[in-house]
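Peer 1: One structure follows; several queries about it will come next.
The values are calculated or read from the model by the stated rules, or taken from the named source; none is laboratory data. Keep in mind that what you see is a predicted model, and the values were worked out from it rather than measured. Surface areas here come from the heavy atoms of the whole protein model, side chains and all, with no ligands, DNA or RNA. Shrake-Rupley method; radii C 1.70, N 1.55, O 1.52, S 1.80 Å.
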Amino acid sequence: MAVGDSKDDKLLPPSFYIGNDDDYLRSSINELYSMQMSRNRILYGATEANKGVGQLDQTMDLVKKNILIYITNSKKGLRLAIEDINKQIEDYTNIIKTVPQTQRGLVTIQRKLGVNEKMYIYLLEKRANTIIARAGILPETSIIETAHSIGITKPNKQKILYYFIVVAVTFALIIIFFRVIFFSRIENIIELKRLTKLPVLGEIILSTEANQDYIVVDKDPKAQVTESFRAIRTNMEYMASDADSKVILVTSYNPGEGKTFCSVNLATIFAKANKKVLLLEMDLHKPKIQKALNMSSDIGVSTILIGKTEISSTILPTGIDNLSVILSGPTPPNASEIILSKQLKEIFDYGRREFDYIIVDTAPIGLITDALVIMKNADISLFVLNAKYAKKEVIAIAEEIVENNKLKNFGFILNGVKRRRAGYYYNYGYGYGKGYGYGYGYGYGNSEKKS
Ligand SMILES: Nc1ncnc2c1ncn2[C@@H]1O[C@H](COP(=O)(O)OP(=O)(O)OP(=O)(O)O)[C@@H](O)[C@H]1O
Ligand SMILES: [Mg+2]
């Protein structure tokens with residue numbers, strides 16, 4: 001310091017270094033300064049050897065020493081204070097270092113806050129806008145009187161109900177009317193049985209095989225059509241049971257109902273049951289058995305009836321065991337007249353002697369009366385109705401024929417019935433098993449006996 005380092009004792013110590021707040025140092029330096037001034041004054045009039053000067057020098061040295069000791073101690077104290085302050089600075093620096101991380105978190109939160117604030121303000125604005133816009137729309141209607149119920153005035157339920165009942169009944173009547181007028185066909189055996197008291201021997205299923213060959217029963221023994229012929233055969237066993245051999249005549253009212261088809265297949269099914277069967281082609285107008293059996297002959301029924309040939313010579317074997325046939329022979333121009341010939345009965349007599357069953361195919365009685373003539377020789381008359389076009393009126397005609405000719409063994413066959421579920425046969429109890437016949441129990445008890 002300036003006090004200790006001063007080489008010139010006459011110079012004054014630099015008082016500006018002294019802090020204002022250090023009273024001790026200030027007073028000591030002032031004291032030193034005063035003594036220095038006193039020494040200088042004395043030296044103007046005396047020498048160094050002056051006693052007063054010597055005394056002053058000693059006091060000044062002492063003061064100087066005191067000042068130096070004081071300064072040294074102060075220096076130490078200040079150093080310690082500086083160290084303390086440095087430590088504090090270090091602490092604060094560490095605290096400051098952690099500030100950026102917190103700051104970052106704070107910034108993020110503030111950003112979110114900012115966004116949310118903006119969103120909130122935006123929504124508030126929108127809401128206010130909507131409220132204002134809504135308030136701006138004036139309703140076109142105004143409620144004069146609030147709604148209140150006075151009960152149902154419309155629809156009038158009862159009126160609608162009556163209306164629909166009337167419409168439904170009218171529709172039903174129209175449908176019934178049209179069905180009666182245009183659909184007077186007999187479609188199934190149940191309907192046929194409902195319409196007549198005469199026996200119904202069964203129905204023949206419409207066969208898909210018939211296109212190629214008339215004889216369908218020897219193709220598939222399990223086919224429904226075979227089964228239906230078998231059922232009719234069974235039922236006929238109970239008819240005319242007192243006759244040794246039976247003459248079965250097959251006719252129909254309209255042409256094309258399936259007389260020839262039924263005759264040929266019935267004859268075959270009897271033959272398959274080991275019965276000796278004779279098939280007679282007595283439809284001299286439109287003979288088709290020869291076509292069905294794929295045969296032809298110059299002699300036959302027509303030549304027998306005009307007395308030209310012996311019956312025995314006209315009998316031809318067929319490809320089927322036990323089945324023989326007399327074909328029609330040449331078609332005569334007056335077929336209906338020659339049917340009246342007395343030789344007709346002879347054919348049947350011959351047949352009865354030689355065969356178990358004689359199946360006779362005839363012409364349709366709606367067009368030609370031949371069948372009515374032949375019928376007198378028959379034990380059983382079968383009347384074929386075709387489900388495709390058999391009209392209900394035909395039943396009345398058939399009943400009249402039965403009545404007029406006092407026919408005892410008569411039976412309807414409903415031909416060409418569409419295929420049904422297998423269960424159908426079980427339901428109606430025919431076609432499976434002997435003695436469970438259909439025609440049985442229709443008032444033929446006197447002439448029928450159970451096997
Ligand atoms: N159940 C049936 N299934 C399939 N086809 C049948 C059936 N019945 C008859 N048909 C067919 O119908 C046609 C007429 O049958 P069919 O010749 O037997 O009748 P029809 O009564 O003898 O006729 P017409 O009076 O002219 O002699 C034949 O082609 C025959 O194959
Ligand atoms: Mg025919």
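Peer 1: Starting from the residue with the highest accessible area, list ILE42, ILE232 in decreasing order, probe 1.4 Å.
Peer 2: Numbers: ILE42 55, ILE232 0 Å².
In descending accessible area the options line up as ILE42, ILE232.
Peer 1: Compute the acute angle (0 to 90°) between the alpha-carbon long axis of helix 393-404 and the principal axis of greatest extent of the alpha-carbon atoms of the chain; round to the nearest 10°.
Peer 2: It is inclined by approximately 30 degrees.
Peer 1: Follow-up question, since we're still on this one. What figure, in Å² to the nearest 10, do you get for the accessible area of TYR92 with a 1.4 Å probe and non-protein molecules left out?
Peer 2: Accessible area of TYR92: about 140 Å².
Peer 1: Quick one: work out the % antiparallel among DSSP beta bridges in the chain, nearest 5. Intermediate results must be reported in sequence, preceding the final value.
Peer 2: Details: 3 of 33 bridges.
Rounded to the nearest five, the antiparallel share is 10 percent.
Peer 1: Between helix 51-136 and the chain, what is the angle of the helix's C-alpha long axis to the longest principal axis, kept within 0 to 90° and rounded to the nearest 10?
Peer 2: The angle comes out at about 20 degrees.
Peer 1: Considering only protein heavy atoms and a 1.4 Å probe, what is the carbon-and-sulfur percentage of the accessible area of the range 226-384? Please list the in-between numbers first.
Peer 2: On the way: 2700 of 5770 Å².
The nonpolar share, carbon plus sulfur, comes to 47 percent.
Peer 1: With contacts defined as alpha carbon pairs under 8 Å and 6 or more residues apart, what's the relative contact order of the chain in percent?
Peer 2: Details: 562 pairs, mean separation 82.9, N = 451.
With pairs under 8 Å counted, the relative contact order is 18 percent.
Peer 1: Turning to a different aspect of this structure: Tell me, what is the percent relative contact order of the range 189-428, built from C-alpha pairs under 8 Å that lie six or more residues apart?
Peer 2: Relative contact order, the range 189-428: 30 percent.
Peer 1: So how much accessible area does TYR24 have, in Å² to the nearest 10, using a 1.4 Å probe?
Peer 2: So the heavy atoms of TYR24 present about 100 Å² to solvent.
Peer 1: Please work out the average accessible area per residue across the chain, using the 1.4 Å probe convention, and give it in Å². Please report the intermediate quantities before stating the final value.
Peer 2: Values: 28380 Å² over 451 residues.
It amounts to 63 Å² per residue over the chain.
Peer 1: Sticking with this one: Using just the helices of the chain, give the 222 nm mean residue ellipticity in deg cm²/dmol: DSSP H runs with n ≥ 4 each add -39,500 (n - 2.57), and the total is spread over all residues, rounded to 500. Don't skip to the end; give the middle numbers.
Peer 2: On the way: 15 runs with 227 residues, N = 451.
Rounded to the nearest 500, it is -16500 deg cm²/dmol.
Peer 1: Still on this structure, I have one more. Please determine, in degrees from 0 to 90 and to the nearest 10, the orientation of helix 259-272 with respect to the longest principal axis defined by the Cα atoms of the chain, where the helix direction is its Cα long axis.
Peer 2: That works out to roughly 90 degrees.
Peer 1: Just by accessible area at a 1.4 angstrom probe, what is the order of ASP244, ASP218 from largest to smallest? Display every interim value, and only then the final one.
Peer 2: Values: ASP244 155, ASP218 75 Å².
Sorted by accessible area, descending: ASP244, ASP218.
Peer 1: Once you keep just the Cα pairs under 8 angstrom separated by 6 or more residues, what percentage relative contact order results for the range 314-411? Display every interim value, and only then the final one.
Peer 2: Values: 53 pairs, mean separation 18.2, N = 98.
It comes to 19 percent, rounded to a whole number.
Peer 1: Follow-up question, since we're still on this one. Once phi is turned into ³J(HN,Hα) by the Karplus curve 6.51 cos²θ - 1.76 cosθ + 1.60 with θ = phi - 60°, what whole-Hz value does each residue of the range 289-298 show in order, with x for glycine and proline?
Peer 2: 5, 4, 5, 5, 8, 6, 10, 8, 7, 7
Peer 1: In addition: Kindly report, to the nearest 10 Å², the accessible surface of LEU407 as traced by a 1.4 Å probe over protein heavy atoms only.
Peer 2: My reading of the accessible area for LEU407 is about 30 Å².
Peer 1: Rank these by accessible area, largest first, 1.4 Å probe: SER142, SER302, SER297. If you can, show how the numbers build up before the last one.
Peer 2: On the way: SER142 95, SER302 5, SER297 30 Å².
Greatest to least solvent exposure: SER142, SER297, SER302.
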